[in-house]
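The values are calculated or read from the model by the stated rules, or taken from the named source; none is laboratory data. Keep in mind the model is a prediction, meaning the values are calculated, not measured. With ideal geometry, Cβ positions are generated from the backbone for all residues, glycine too; neighbour counts draw on all protein chains shown.
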Amino acid sequence: MHQLIFCSSLRQKSLQWIYAYIITDHLLLVRFFLLYTVHAQSTNCQPSRAWVLFICYFQVIIDNYFNISEVYILLALNLFRYAQIVQNQNVYEAPTSLMIASRLSLYLIPLVAVVIPLITGWNCIKESIRGSCSILCTNIYIEIFNLIFAFASPILLNIWVICACVHHIQLKSPLHKT
C-alpha cells in the first residue's frame with residue numbers, strides 16, 4: 001500500500017478501474033473470512049433467529065453485489081480502454097461529473113439489482129444455520145433476468161468490446177497494410 005503513496009505512476013486515473021476491481025476482490029476475501037469465523041463460532045451454540053437472518057441477508061446481498069460489481073467494473077475498464085484506443089486521447093480527463101456519474105452508477109445499479117428483488121419478493125433467501133445461504137428466485141422469468149443482467153450481458157459486452165478493440169487495432173496497424 002505504501003507504493004501507492006510514494007509512487008506517482010501508480011496514482012494515475014487510468015488505473016482507477018483496476019484498483020476498484022482489486023478492492024472488490026479484497027472485500028470478497030474479507031467477507032469470506034468474516035463469514036467463516038461466524039459459521040465456525042456458531043457451531044458452539046444455537047444462534048438466535050434474528051442472528052441467522054442477519055447473517056443470511058448479509059451473505060447473500062454482499063456476495064451477489066460484489067460479484068455483479070466485479071463483472072461491471074471489468075466492463076467499465078474495457079469500455080474506457082476502447083474509448084482511449086479509438087479516440088487516441090486520455091479519456092480519463094473527461095469532465096469530473098461524468099466520471100463521478102459513471103462510478104456512482106457502477107456501484108448503485110448492482111445494489112438495486114440485488115436489493116429490489118428481495119424487497120419485492122421476487123427472490124427469497126434459503127436459510128442455512130451451519131452452511132451458506134443462497135437466493136432462490138420465485139419464478140423462471142426472474143431467474144432468467146438475473147442471469148442476463150448479472151452475467152450474460154456484461155460478459156457478452158466485454159467480449160464485444162475486446163473484439164472491437166482488436167478490430168480497430170488491426171485496421172490501424174501498419175502491418176495490416178503490407
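State all residues of segment 86-106 that are modelled with pLDDT of 85 or more and over 21 Å from the mean Cα position of the chain (by Cα); if no residue qualifies, say none.
Val86
List the number of the failed condition for Ile135; all other conditions in (1) more than 26 Å from Cys163 (Cβ to Cβ); (2) out of contact with any Lys or Arg (no Cβ under 8 Å at 6 or more places or on another chain) hold.
(2)
Where in segment 77-178 are the helices (runs of 4 or more DSSP H), entirely inside, with at least 1 residues that are small (Gly, Ala, Ser) and out of contact with any Ser or Thr (no Cβ under 7 Å at 6 or more places or on another chain)? Write out each step before concluding.
Values: elements: 96-120, 140-147, 153-172.
Because the criterion is at least 1 residues that are small (Gly, Ala, Ser) and out of contact with any Ser or Thr (no Cβ under 7 Å at 6 or more places or on another chain), the helices (runs of 4 or more DSSP H) in segment 77-178 that meet it are 96-120, 153-172.
Considering only segment 93-139, state which residues are of a type in the set (A, V, I, L, M), within 20 Å of Gln59 (Cβ to Cβ), touching a residue at least 12 places away in the same chain (Cβ under 8 Å) and out of contact with any Leu (no Cβ under 9 Å at 6 or more places or on another chain). Steps first, answer last, please.
Within segment 93-139, the subset of a type in the set (A, V, I, L, M) is 94, 98-101, 104, 106, 108-109, 111-116, 118-119, 125, 129, 135-136.
Narrowing further to those that are within 20 Å of Gln59 (Cβ to Cβ): 111-116, 118-119, 125, 129, 135-136.
Going one step further and asking which of them are touching a residue at least 12 places away in the same chain (Cβ under 8 Å), we end up with 111, 113-115, 118, 125, 129, 135-136.
The answer is Leu111, Ala113, Val114, Val115, Leu118, Ile129, Leu136.
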